[in-house]
1. If the Cβ limit is 8 Å and pairs must be 6+ apart or interchain, which residue in segment 19-44 that is in contact (Cβ under 8 Å) with a residue 40 or more places away in the chain pairs with which residue that is in a helix (DSSP H, G or I)?
2. What are the residues in segment 73-84 that are more than 9 Å from CYS8 (Cβ to Cβ) and assigned to a loop (DSSP other than H, G, I, E, B), if any?
3. Tally up the residues in segment 18-31 that are more than 19 Å from ASP56 (Cβ to Cβ) and buried (at least 16 other Cβ atoms within 10 Å of the Cβ), please.
4. Among the residues of segment 59-70 satisfying the criterion of being over 16 Å from HIS11 (Cβ atoms) and in a helix (DSSP H, G or I), which is most open to solvent (accessible area, probe 1.4 Å)?
5. Only one of these is acidic (Asp, Glu) and open to solvent by less than 60 Å² (accessible area, probe 1.4 Å): ASP50, ASP56, ASP5, ASP38. Name it.
Amino acid sequence: MCIRDRWCTLHLKCTINVHLFFTVHVPVNETRLANIYDRIASRHGNSISDLTMYKDQVYESNVVAPLTATMAELGFQGTPEGDPSTYPEYDILYGTVRVRRDGIHPSLPGGSLTAYCSQTSSRGRP
């Protein structure tokens with residue numbers, strides 16, 4: 001193990017479908033946001049694209065980018081590899097359409113949802 005190996009726990013959540021929630025443990029210095037994007041797309045059978053990801057809450061100011069950045073470069077902290085229960089935990093919420101600055105999705109009735117996610121994979125947890 002390299003002294004620079006630091007890990008975190010990411011809870012990846014599609015906010016419109018609770019069955020599309022999964023957790024991964026990743027090394028923050030080696031994992032690029034593109035790797036997380038690919039994992040999410042894979043959970044949807046690669047049937048979605050143009051994902052927007054948010055750190056902790058769905059606000060325009062919390063958009064996580066660029067895809068080429070490592071998790072560490074995006075501000076995700078980690079602890080030495082070991083027991084995952086000791087890793088810092090973060091929520092990454094994702095959708096296929098960006099929300100407005102006020103957190104409202106412009107095309108949903110009443111704008112009541114703050115994120116939109118394709119329901120192409122409504123089969124439940126893989």
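The values are calculated or read from the model by the stated rules, or taken from the named source; none is laboratory data. Worth saying up front: this structure is predicted, and the values here are computed from it rather than measured. In this analysis, Cβ positions are derived from the backbone assuming ideal geometry, glycine residues included, and neighbour counts consider all displayed protein chains. Ligands, DNA and RNA are excluded from the accessible area calculation, which covers all protein heavy atoms including side chains. Shrake-Rupley method; radii C 1.70, N 1.55, O 1.52, S 1.80 Å.
1. LEU20/ARG43; PHE22/ARG43; HIS25/PRO84; VAL26/ASN35; VAL26/ILE36
2. Initial filter on segment 73-84 (more than 9 Å from CYS8 (Cβ to Cβ)): 73-75, 80-84.
Of everything in segment 73-84, those that are more than 9 Å from CYS8 (Cβ to Cβ) and assigned to a loop (DSSP other than H, G, I, E, B) turn out to be GLU73, LEU74, GLY75, GLU81, GLY82, ASP83.
3. Going through segment 18-31 one residue at a time, the tally reaches 2.
4. Filtering first and then ranking leaves SER61.
5. That would be ASP5, the only listed residue that is acidic (Asp, Glu) and open to solvent by less than 60 Å² (accessible area, probe 1.4 Å).
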